[in-house]
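Here is the structure we will look at.
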Amino acid sequence: MDQTPRRRSRLLACGAALALLPALAPPAYAADEVKLDQTKKTFIVQMKGDPVATYDGGVQGIPATKPATGKKVNAKSGNAKKLEAHNRNEQRKALRDANVKESAKTHEFTVAFNGFTAKLTEAEAAVLKKAAGVANVWEDEVRYADTVTTPDYLGLSGKNGVWAKQFGGDAKAGTGIVVGVLDTGIDPDNPSFAALPGAKMPAGDWACETENDPTFKCTTKIVGARYYGTEYENDIRYDFNSPRDTNGHGSHTAGTAAGNHGVAMSIQGNTMGSGSGMAPAAHVAVYKALWQTEDGRGSGTSSGLVQAIDDAVADGVDVINYSVSGSSEYVVTADELAFMAAAEAGVFVSTSAGNSGDSVGVSSVAHNSPWTMTVAASSHDRGVENTLTTGDGTTYDGVGYGGPTAQLPMVLASTIPAAGYTAAQADLCGPGTVDDAGAAGKMVVCTRGEHPFVDKGAEVAASGGAAIVVANSPTGASTLLPIIYSIPGFHLTAEDGEALKAYVSDQDAPTGAINASKYVEVDAPSMASFSSFGPALAGGGDLLKPDITAPGVDVIAAYSQDPDSGDPRFESLQGTSMSAPHIAGLGALLKQRFPTWSPMAIKSAMMTTARQTTDEGKAILTATGAKATPLNYGAGEVVPAKSYNPGLVYDSNITDWDIYACGIGQLQLVGGAEVCAQLPAKDPSDLNYPSISIGELTGTQTITRTVKNVNKSAMQYRAKVEAPKGTTVKVVPDKITVRPGGSATFKVTITRTDAALGKYTFGSLTWVPNSPKYETVRSPIAVKPMAVSAPVEVTGTGTSGATDITVTPGFTGTLKTDVDGLIPSDVVAQSVVREDGTPLDGYFFWEVTKDTKVSRFATYDEEVAAKDIDLYVYRFNPADSTVSLVDLSGNEGSSEELTLRLAPGIYVVSIDLYSPEPSVSVPVHTWDVTDADADNLTVQPASASVTMAQPVTFTAAWSGLTAGQRYLGQVNFLEGDTPAGSTLVTVNP
């Protein structure tokens, strides 16, 4: 863009590195100061072969072990044992190839995931990742845990409810179905989990690991109980060393999904009525992979969680609930890949969308894989109103439990910070922030934000406060939540909160009384402020996540036992952790009713029959009062009764998921390049999914879907379209006839007319049946029109030449261009000496400035006298001279390349001599592209009149280059003065 001299990132010579460019003044970093972490850590290693759940043959002498439709995995069959032995042998070979002792291996996964865990250094893990048969290696990481009237609200109870009409009553709703709960354990003595009268043990291989807890008994309700403790590097100091629950989170999710019917519930002396899980006659299998932490959270290692998934599938669960944090960027983490195999084996998996909606915000949604159901959180119709009356007679309306109280002295938390904390910190009532003496015996006024409500209440109670008032922040969420604290509580709006705070500040002796609570029915649902939302990062917006929403606010269910008396407890909790088990339980009911349906058919049935309006027929709103969209709730709020008559379903399987993962460039990250090469290329938006999403719509795009008739008679449907604003939508054919069990394929063409560029717009496609006896089949549509779609990179050769760049504009008007570069590579002649156990066989420092747009580091076979090297880039931390891996290139051979968009800072570029040569000199080519134009690259035409969706070709031409040099630059495309896209230009000798 600008014509100022190019500001290169500085090369900082290190050790034997030689920079073939003018000398710069490097910081005084010595080679021996770079510290690669040599501690042994746990890594999860995935092998390339299929696990038992998905293996369909291919190894000589071992028949398929994948279960038939409607059947469960038989992990103890002779063929499964043969496959396990084969996979175990492949693991030995990989360890031997990486020069790692087999004793480093700590655990094996065989059923839903083919792999193992091992104690390795980072260097050993890097070498193992390249070993024959290894797909990927991850460092083990810590994951965290993310109803009285909800059965009534969702239409399950009553003579016309789902339990009665579909199963003959609550006593049969869930019979024979096992819900696997991967969480913090369970309280076996809670009446929600009492043995089911007259029930038989379900089919499966159930383990009851209660050797450390003799009073924990497995029954016809809790049919299995496993735990994953210190052997998976979990800290169990604050928990039972058994499947018993200390935290309460696991008991709550299990109770919500499958707690017994008609259980009397009370919370801290408040009678809450009788409650039930979604599938009260279902069995529960417990997999305790999360453990109570010192600060009261639930956490566990990913290795323990993967083992729990593997065991759950092997044991024979029908449904898994996973109210656990997960990746918002990848669908190929170890747990997500294990869930892929579980789903292919017939297990329905419900995952929580995450609770970062009011912190991270946009694209915070986790669990973006198409093979799981990702659940957002919303409210239900039970409201609890109360009022607060101040000493001057003013009454404020709000919500909460615990009244009535006497008139209590009031104090603003901001005026009583504990030692070491500011007034602003105390105002939010975080742990440890409120002064005990200042709060003692008083009603403490806090502001909503940053900390969970329960933590605020716990802090005020621990400080001796007699009651808590939480006021919304003027810049935060507007919803009111009736939280049950250990002390009386009251929650009010931001406007009333400001008035109340003014009263407390102005009075010498302010007082207030919380009045008695009153139960009311409120319009629902509305989206919870904390509920994470899209667009999903993993698919670039080409897959809509979350999938659906369910109650996740003020959900009352079983909890952990009282730590003093041991008595059963119940609790009201909020979170997508609470909404996910609603869907898990509902999935269990559908599995019981339709045992041959695939998990994706169950998912489709719930999504296509969901609703987008409240009980009063109004639009669902967000916590701030704005109209919610499919990015918030996916297909909408689940409507269980309708899901039993979906008519048509959108189905998919592991091949479809692999094609999708290849299409978004992620299966390749875990050793799937060979798989991708054998599969047809397909746009990610074409995954056969119950929703339609296009993350970059450049003018027009056609997607394909196939529906299957799950009715017993032929059906006719017509397409009804609500086009996203600023677009047109055409469906071909717009009428379909589908025989029983048959399928119909159709295409949907979405074309931008005047929709705003760079912003999502929403609509829907609904298939309307010819008979009113059947439900309509609705798919939400979410599209984001973009100004241009351009190739990532083009290449050319010679000191002068040209190459075409064909782009597709998403608008009609003028598309401008400008150029960065071309710049020649700076070559570092790096001396590399092979040393086992470290990828730092030779390295140099590299500084990236704020002007750098793109950095590239590359080596070439013809320039390296070694059979195989690998290239690493680390972020350098000058404070302690440690490095953290940014990315690596580990191809076979010595041609390696990393193209990165790096934050400003100091980096270490490292060469690992993988082949057996003792030493080698490696020319490392480096580029830092800024916005400087080097006057050797032009684009014709410089600007063009374009028509939306009509491809246009520009020609990038270069001249005056130096023979033998390698060059890199970038062509930028602009809509007006707004950057719309770019294409890298590489010119080789």
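The values are calculated or read from the model by the stated rules, or taken from the named source; none is laboratory data. From a predicted model like this one, the values you see are computed outputs, not experimental measurements. Ideal geometry is used to build each Cβ from the backbone, glycine not excepted, and the neighbour counts take in all protein chains shown. With ligands, DNA and RNA removed, areas are computed over all heavy atoms of the protein, side chains included. Shrake-Rupley method; radii C 1.70, N 1.55, O 1.52, S 1.80 Å.
Can you tell me the order of 583-594, 627-638 when each peptide is scored by its average per-residue count of other Cβ atoms within 10 angstrom, highest first?
Answer by packing, highest mean first, reads 583-594, 627-638.
With a 1.4 Å probe and all protein chains kept in place, how much accessible area does Tyr227 have, in Å² rounded to the nearest 10?
Taking all protein chains as shown, Tyr227 has close to 30 Å².
Tell me which of Asn770, Ser652, Gly49 sits at the most positive position along the dipole axis of the chain, charges placed on C-beta atoms (Lys, Arg +1; Asp, Glu -1).
Result: Asn770, furthest along the dipole toward the positive end.
Would you mind putting 454-463, 837-846 in packing order, based on average other-beta-carbon counts within 10 Å, highest first?
837-846, 454-463
Let a ≥ b ≥ c be the square roots of the eigenvalues of the Cα gyration tensor of segment 382-521; is it rounded (a/c under 1.5), or, if not, prolate (a/b larger than b/c) or oblate?
It comes out rounded by the Cα gyration axes.
Which three extents, in whole angstrom, do the alpha-carbon atoms of segment 789-987 cover along their principal axes, largest first?
Ordered largest first, segment 789-987 gives principal extents of 58, 38, 28 Å.
Can you send over the carbon and sulfur percentage of the accessible area for segment 382-521, probe radius 1.4 Å, protein chains only?
The computed percentage sits at 53.
In whole Å, how far is the Cα centre of segment 374-446 from that of segment 160-220?
Cα centres, segment 374-446 to segment 160-220: 39 Å.
May I ask you to order 464-474, 701-711, 390-400 by the average number of other C-beta atoms within 10 Å around their residues, highest value first?
464-474, 701-711, 390-400
Counting only protein chains, not ligands or nucleic acids, how are Glu892, Glu344, Glu975 ordered by accessible area (probe 1.4 Å), most first?
Heavy-atom accessible area, descending, gives Glu892, Glu975, Glu344.
Could you work out what % of the accessible surface of segment 229-282 is carbon and sulfur, using a 1.4 angstrom probe and leaving DNA, RNA and ligands out of the count?
Of the solvent-accessible surface of segment 229-282, carbon and sulfur hold 48 percent.
If the only charges are +1 at each Lys and Arg Cβ and -1 at each Asp and Glu Cβ, what is the size of the charge dipole of segment 41-139 around the Cα centre, to the nearest 20 debye?
It works out to roughly 260 debye.
How much accessible area per residue does segment 382-521 have, in Å², with a 1.4 Å probe?
Roughly 40 Å² per residue, with all protein chains present.
For Ser884 and Val520, calculate 0.36 nm times their separation in residues minus their Cα-Cα distance, and state this gained length in nm to one decimal.
125.6 nm
From the backbone phi of segment 932-943, what are the Karplus-calculated ³J(HN,Hα) couplings (6.51 cos²θ - 1.76 cosθ + 1.60, θ = phi - 60°) in whole Hz, Gly and Pro given as x?
For segment 932-943, the Karplus curve yields 7, 8, 8, 6, 10, 9, 10, 10, 10, x, 5, 8 Hz.
Round to the nearest 0.05 the FRET efficiency obtained for Ser274 and Lys82 when R0 = 30 Å and r is the Cβ-Cβ distance.
0.05
Please name which of Asn709, Ile692, Gly665 has its Cα lying farthest along the dipole of segment 661-789 towards the positive end, using unit charges on Cβ (Lys, Arg +1; Asp, Glu -1) and the Cα centre as origin.
Looking along the dipole axis, the top candidate is Asn709.
Rounded to the nearest 20 Debye, what is the dipole magnitude of segment 382-521 about its Cα centre when Lys and Arg each give +1 and Asp and Glu each give -1 at the C-beta?
Dipole size: approximately 300 debye.
Using the beta-carbon distance between Asn988 and Ala424 and R0 = 51 Å, what value does 1/(1 + (r/R0)^6) give for FRET efficiency, to the nearest 0.05?
Once rounded, the FRET efficiency stands at 0.35.
When the convex hull of the C-alpha atoms of segment 41-139 is computed, what volume per residue in Å³ does it have?
92 Å³
Compute the projected area of the convex hull of the Cα atoms of segment 213-298, averaged over all viewing directions, and report it in nm² to one decimal place.
Directional mean of the projected Cα hull area for segment 213-298 stands at 6.5 nm².
Once fully extended, how much extra length lies between Ala942 and Ala499, figured as 0.36 nm per residue of separation less the alpha-carbon to alpha-carbon distance?
153.5 nm
For the chain, with only Lys/Arg (+1) and Asp/Glu (-1) charged at the beta-carbon, what is the dipole magnitude about the Cα centre, in debye rounded to 20?
That gives a dipole near 3720 debye.
Only Cα pairs under 8 Å and at least 6 apart count here; give the relative contact order of segment 382-521 as a rounded whole percent.
Once normalised by length, the contact order is 36 percent.
As a quick test, which of the pairs Lys603/Lys747; Lys159/Lys591; Lys159/Lys288; Lys603/Lys712; Lys48/Lys867 have an alpha carbon distance above 31 angstrom in this structure?
Where the Cα-Cα span goes over 31 Å, the pairs concerned are Lys159/Lys288.
Averaged over all directions, how much area does the convex hull of the C-alpha atoms of the chain cover when projected, in nm²?
Mean projected area of the Cα convex hull: 42.2 nm².
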